[in-house]
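Worksheet: one structure, shown below.
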Amino acid sequence: MFSQRSSRTLLTYRSQSLTLALFCLALAEGASAQQWQSFSSATSFAVSVAPTDLIPGDFNGDGITDLAVANAGANSVSILIGNEDAGDPGSGDGTFAAPVNYAVEDWPTTITKGDFNGDGVTDLAVSNADANTISVLLGNEDAGNPGFGDGTFATHAPFASGNLPQGIATGDFNGDGIADLVVANGTAHTISVLLGNEDVGNAGFGDGTFATPVAYGVGTSPIGVSTADFNGDGIADLVSANLNASTVSVLLGNEDVGNPGFGDGTFASQVTYAVGSGPRSVTTGDFNGDSIVDIAVTSSSVASVSVLLGNEDAGNPGFGDGTFAAHTTYTVGTDPTWIIAADFNGDGITDLATANFLSDNISVLVGNEDAGSPGLGDGTFASHVTYSSGSAPSSVTTGDFDGDGINDLAVVNQFGNQASVLLNLGFNDITAPTSAATGPTGTLSQASSIIPVAFTSSDNHLGATGVASVELFYQHDGGGFVSFGTFSSSPINFDTSGTGGDGAYDFYTVATDGASNAEIKTPAAETSVSFTNTTTGVADWSLLDQ
């Protein structure tokens with residue numbers, strides 16, 4: 001059956017709200033700073049046939065991030081346990097052990113995680129597109145370490161969904177503390193909610209099973225689904241990406257009338273918003289720093305991402321009203337099939353990454369800073385930067401795979417039967433270009449108005465593009481520093497005829513390199529001279545002839 005499927009039918013999509021890992025970009029006083037170095041090249045790890053989605057998690061309780069991969073062509077889930085760094089016990093080294101595979105039902109497409117039975121061990125759920133079911137794999141507890149997983153999973157249990165289930169996400173929709181599931185049903189044009197059942201012998205905890213699905217109408221061919229609180233009422237809401245409608249559907253969670261502030265597990269009718277053509281995957285985050293949840297969705301037919309900023313509730317400042325502004329479009333690679341939101345460059349602003357199926361790469365869009373509110377995003381994104389991933393990437397996720405506290409990327413390559421990891425190279429302490437005025441010093445008397453001021457300079461900045469120019473600043477008789485201009489070579493002929501003539505001069509310089517990185521300095525003398533032009537003291541040379 002795998003050979004009969006086109007590349008398009010292999011694609012699957014999961015979207016969920018990601019916790020943003022903040023690794024602040026420190027700027028030190030003076031010339032020192034830190035610069036983000038981007039991502040490493042991809043390192044690939046074998047999985048099984050036609051992998052379509054992946055998710056990170058700590059499945060064996062060792063504090064190291066592992067991966068779970070849904071393999072559509074093998075009807076299985078692969079578990080890749082993260083290897084420990086031999087030189088840093090308790091941290092991963094960014095590599096993975098050989099996969100261990102677990103059978104599920106026909107054509108698993110998308111994967112999510114949660115603690116479905118309340119034992120503190122991570123469980124998994126996958127949507128099986130051809131079986132119209134969801135498979136739940138409960139994580140096994142470590143017999144010698146209660147409350148932690150041993151990295152293995154029980155045999156899957158199937159639960160009915162809707163027709164052609166694809167995107168899947170986890171949330172608590174009825175406020176009982178038990179994990180629930182939502183799945184997008186591609187040919188039923190619905191999303192189905194499966195509430196987690198309570199353990200009759202352990203009140204307040206799930207038993208790992210789910211109630212009969214309840215379906216809600218959305219747009220045509222929903223593929224991706226995500227959950228977040230869009231209107232600030234503390235109740236989980238839903239959003240679906242509707243492939244053939246070029247819309248997203250937002251369904252607000254209903255409040256439990258007997259338990260204010262908690263959901264009752266049902267949802268209001270959809271409200272739709274136009275996006276770019278062919279939306280497949282949807283994610284959420286706060287892109288403009290207003291604490292209101294925003295939406296980003298891939299538009300696979302037009303190689304773009306649509307961003308919809310959440311509107312503020314006019315009567316409740318700082319909270320969303322559950323509606324969204326018109327979308328703004330950003331170009332990415334060809335056929336973007338998946339999108340995630342996280343902070344990749346450590347500035348505290350949410351960025352985006354997409355898996356681009358037909359261009360074999362990942363696009364990273366860095367969030368722009370609000371010029372009037374440093375440290376917060378303005379809701380826009382810089383032009384995308386691409387990173388090679390492998391053949392036919394269908395999903396991308398983020399996690400800290402090498403234990404350095406920074407978000408890395410992982411992708412599944414559907415035609416390569418691989419998962420690829422791109423480690424975040426993090427930040428490199430750098431020193432901006434430096435310079436210093438070197439002369440003259442002491443007392444200078446000469447029959448010329450020119451003071452030759454020499455300087456030294458060097459470019460210590462990452463990339464070392466070289467010093468492009470040096471700006472000379474002078475101070476005359478303590479009157480405050482003034483720029484004399486920028487220069488590309490030493491010495492500088494400083495002409496006192498236009499700067500005050502005789503007197504005490506102080507000088508300092510500021511260097512700029514070829515990448516426009518400027519030296520940071522507090523105005524202060526680097527060299528000083530007491531200057532006298534010996535020709536300027538005579539008012540009338542004709543008097544000397546008498």
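Values computed for the structure shown
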{"quantity": "Qualifying position, being within 30 Å of ALA98 (Cα to Cα), among the hydrophobic types (A, V, I, L, M, F, W, C), touching a residue at least 40 places away in the same chain (Cβ under 8 Å) and open to solvent by 50 Å² or more (accessible area, probe 1.4 Å), among PHE148, PHE205, PHE153", "calculated": "PHE148"}
{"quantity": "Hits in region 181-202 - residues which are out of contact with any Ser or Thr (no Cβ under 7 Å at 6 or more places or on another chain), touching a residue at least 60 places away in the same chain (Cβ under 8 Å) and under 17 Å from VAL136 (Cα atoms)", "calculated": "VAL193, LEU194, LEU195, GLY196, ASP199"}
{"quantity": "Filter result for SER277 (under 22 Å from SER363 (Cβ atoms), open to solvent by 40 Å² or more (accessible area, probe 1.4 Å), at pLDDT 95 or above and outside any strand (DSSP E or B))", "calculated": "yes"}
{"quantity": "Complete set of residues in region 354-375 that are hydrophobic (A, V, I, L, M, F, W, C) and at pLDDT 95 or above", "calculated": "ALA355, PHE357, LEU358, ILE362, VAL364, LEU365, VAL366"}
{"quantity": "Residues of region 293-331 that turn out to be more than 21 Å from GLY224 (Cα to Cα) and open to solvent by less than 10 Å² (accessible area, probe 1.4 Å), as a count", "calculated": "1"}
{"quantity": "Yes/no for THR43 being open to solvent by less than 60 Å² (accessible area, probe 1.4 Å), under 23 Å from the mean Cα position of the chain (by Cα) and at pLDDT 95 or above", "calculated": "no"}
{"quantity": "Segments classed as strands (runs of 3 or more DSSP E), wholly inside region 140-201, with at least 3 members that are of a type in the set (Gly, Ala, Ser)", "calculated": "145-153, 165-171"}
{"quantity": "Set VAL453, VAL421: member being closer than 30 Å to GLY503 by Cβ, open to solvent by less than 30 Å² (accessible area, probe 1.4 Å), part of a strand (DSSP E or B) and at pLDDT 90 or above", "calculated": "VAL453"}
{"quantity": "Matching entry among THR532, THR509, THR486 (being within 22 Å of GLY466 (Cα to Cα), open to solvent by 50 Å² or more (accessible area, probe 1.4 Å), modelled with pLDDT of 90 or more and not in a loop (DSSP other than H, G, I, E, B))", "calculated": "THR486"}
{"quantity": "GLY289, sole failed condition from (1) on the phi < 0 side of the Ramachandran plot; (2) assigned to a loop (DSSP other than H, G, I, E, B); (3) small (Gly, Ala, Ser); (4) surrounded by fewer than 19 Cβ atoms within 10 Å (Cβ to Cβ)", "calculated": "(1)"}
{"quantity": "For VAL538: the one exception among (1) at pLDDT 95 or above; (2) over 51 Å from the mean Cα position of the chain (by Cα)", "calculated": "(1)"}
{"quantity": "Of all residues in region 231-268 being more than 25 Å from the chain's Cα centre (by Cα) and closer than 30 Å to ALA303 by Cα, the one that is surrounded by the fewest Cβ atoms within 10 Å (Cβ to Cβ)", "calculated": "ASN244"}
{"quantity": "Looking only at region 332-345, and only at residues there that are in a loop (DSSP other than H, G, I, E, B) and of a type outside the set (S, T, N, Q), the one that is surrounded by the most Cβ atoms within 10 Å (Cβ to Cβ)", "calculated": "VAL332"}
{"quantity": "Odd one out for THR386 among (1) buried (at least 24 other Cβ atoms within 10 Å of the Cβ); (2) in a strand (DSSP E or B)", "calculated": "(1)"}
{"quantity": "Enumeration of residues in region 126-140 that are touching a Gly at 6+ places or on another chain (Cβ under 6 Å) and either within 14 Å of GLY73 (Cα to Cα) or open to solvent by 40 Å² or more (accessible area, probe 1.4 Å) (or both)", "calculated": "LEU138"}
{"quantity": "Strands (runs of 3 or more DSSP E) contained in region 74-125 and holding at least 2 residues open to solvent by 50 Å² or more (accessible area, probe 1.4 Å)", "calculated": "82-85, 88-96, 100-103"}
{"quantity": "Among the residues listed as GLY372, GLY379, GLY348, the single one being part of a loop (DSSP other than H, G, I, E, B), small (Gly, Ala, Ser) and at positive phi", "calculated": "GLY348"}
{"quantity": "Cβ-Cβ under 9 Å pairs, at least 6 apart or on other chains, region 128-139 side on the phi > 0 side of the Ramachandran plot, far side buried (at least 23 other Cβ atoms within 10 Å of the Cβ) and assigned to a strand (DSSP E or B)", "calculated": "ASN132/PRO165; ASN132/ASN185"}
{"quantity": "Selection within region 228-265 - more than 12 Å from ILE191 (Cα to Cα) and of a type in the set (Ser, Thr, Tyr)", "calculated": "SER246, THR247"}
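Conditions tested, residue by residue: (1) charged (D, E, K, R); (2) under 18 Å from ALA274 (Cβ atoms).
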| position | (1), (2) |
| --- | --- |
| THR170 | no, no |
| ILE178 | no, no |
| VAL193 | no, no |
| ASP199 | yes, no |
| GLY208 | no, no |
| VAL214 | no, no |
| THR220 | no, yes |
| ALA228 | no, no |
| GLY253 | no, no |
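The values are calculated or read from the model by the stated rules, or taken from the named source; none is laboratory data. The model shown is predicted, which means the values in this text are computed figures rather than measured ones. Because the Cβ atoms are built from the backbone with ideal geometry, glycine has one as well, and the counts that use them run over all protein chains shown. Side chains included, ligands, DNA and RNA excluded: accessible areas come from the protein's heavy atoms. Shrake-Rupley method; radii C 1.70, N 1.55, O 1.52, S 1.80 Å.
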